[in-house]
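Report on one structure; see the data block that follows.
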Amino acid sequence: MSTVSLDSTSSDDAPRTASFNAVYFGLELRRITRDLVSMFFTAVLPAFMYLIFGAAQDYGQESAGNGNVTMYVMISMAAYGAVTATTGIGGIAALERMQGWGRQLGLTPMRDGQYVLVKTLVGLTIAAIPVALVYLVGGLTGAEGELSAWVLSGILVMVGATVFAVFGLVFGLAFRSEAAVGAASGTLVIFGFLGNLFFPLSGVLLTIAKFTPLYGYVSLARRPLTEGYVVDAGNGQVEFEPLWVAVTNVTVWLLILSLLAIWLVRRGRGRQ
């Protein structure tokens with residue numbers, strides 16, 4: 001009889017838990033989108049940067065793989081907007097847990113796994129805003145490419161951006177203050193320049209770029225357009241880069257960030 005009762009209770013709780021998760025998702029989404037300053041830098045700034053570095057440049061209509069240079073810049077700026085969004089959500093999640101929000105959620109039907117899932121969905125939803133805006137503006141201002149390049153690059157931008165939720169989480173756990181999100185976003189800008197995201201690098205800088213967190217991600221996002229070819233800005237030559245270079249970069253950085261996050265969580269527990 002007790003087993004039947006437990007199963008019945010679990011079945012009764014499932015709709016209530018799902019309802020609570022949906023409500024929490026909606027509240028989180030509204031809370032974040034009401035912060036107009038943050039939303040400007042997350043959504044509008046990447047589109048503005050695309051217009052400056054892509055659509056407004058004379059070289060924008062030059063060929064680039066399956067499309068033109070304008071589309072190449074469009075994908076890059078969409079990727080920057082997406083990782084800015086997911087990094088911010090990851091940092092906020094870490095701060096909430098350290099500031100006692102986890103204990104409050106413990107009084108609700110939500111469990112840790114569901115909390116992570118909701119935060120992930122919120123991050124992807126927010127990330128979709130700059131991606132959609134940049135792609136829309138790109139389509140209206142001269143970005144050209146094969147349909148497969150548009151679709152696959154958009155998918156890779158969104159999927160790859162989830163890695164940087166862990167990036168934000170690490171900063172939130174390390175700094176343990178409201179400055180964490182700002183520090184993470186500022187560091188992304190530096191990695192963007194070093195990672196061949198904002199403009200093509202050459203020589204030693206291009207070699208260094210391959211070891212930075214954003215390089216593999218943005219290379220994979222561009223690959224449906226470039227087909228794996230990379231421009232060396234120093235000599236203007238185009239060289240083919242094997243797929244394993246970008247995949248290894250993303251995999252190694254995901255492993256490093258995940259292990260670092262686990263270590264920071266355990267260190268935080270040790271202090272309590």
| Positions within region 214-234 being surrounded by fewer than 24 Cβ atoms within 10 Å (Cβ to Cβ), in a helix (DSSP H, G or I) and of a type in the set (Ser, Thr, Tyr), in sequence order | Thr226
| request: Name the single residue, out of those in region 52-76 being part of a helix (DSSP H, G or I) and surrounded by fewer than 21 Cβ atoms within 10 Å (Cβ to Cβ), that is farthest from the chain's Cα centre (by Cα). | output: Asp58
| task | Name every residue in region 142-159 that is in a helix (DSSP H, G or I) and either crowded, with 19+ Cβ neighbours inside 10 Å or among the hydrophobic types (A, V, I, L, M, F, W, C) (or both), in order of residue number. | result | Leu147, Ala149, Trp150, Val151, Leu152, Ser153, Gly154, Ile155, Leu156, Val157, Met158, Val159
| request: Among the candidates Val250, Val181, single out the residue that is closer than 23 Å to Val151 by Cα, out of contact with any strand residue (DSSP E or B) (no Cβ under 6 Å at 6 or more places or on another chain), among the hydrophobic types (A, V, I, L, M, F, W, C) and part of a helix (DSSP H, G or I). | output: Val250
| Out of region 170-195, which residues are free of Cβ contacts under 8 Å to residues at least 12 places away in the same chain and either within 18 Å of Tyr217 (Cα to Cα) or small (Gly, Ala, Ser) (or both)? | Ala179, Gly182, Gly186, Val189, Ile190, Phe193
| Count of region 164-188 residues which are within 17 Å of Ala127 (Cβ to Cβ) and surrounded by fewer than 18 Cβ atoms within 10 Å (Cβ to Cβ) | 0
| task | From Phe167, Phe198, Phe211, grab the single residue that is closer than 21 Å to Val83 by Cα, within 21 Å of the chain's Cα centre (by Cα), in contact (Cβ under 8 Å) with a residue 40 or more places away in the chain and not in a helix (DSSP H, G or I). | result | Phe198
| request: Could you tell me whether Tyr24 is part of a helix (DSSP H, G or I), over 21 Å from the mean Cα position of the chain (by Cα), modelled with pLDDT under 90 and closer than 26 Å to Leu214 by Cβ? | output: no
| message | Just to be sure before I move on: is Thr125 in a helix (DSSP H, G or I), surrounded by fewer than 17 Cβ atoms within 10 Å (Cβ to Cβ) and touching a helix residue (DSSP H, G or I) at 6+ places or on another chain (Cβ under 7 Å) in the structure I sent? | response | yes
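The values are calculated or read from the model by the stated rules, or taken from the named source; none is laboratory data. None of the values given here were measured: they were computed from a predicted structure. No Cβ is skipped: glycine too gets one built from the backbone with ideal geometry, and neighbour counts run over all protein chains shown.
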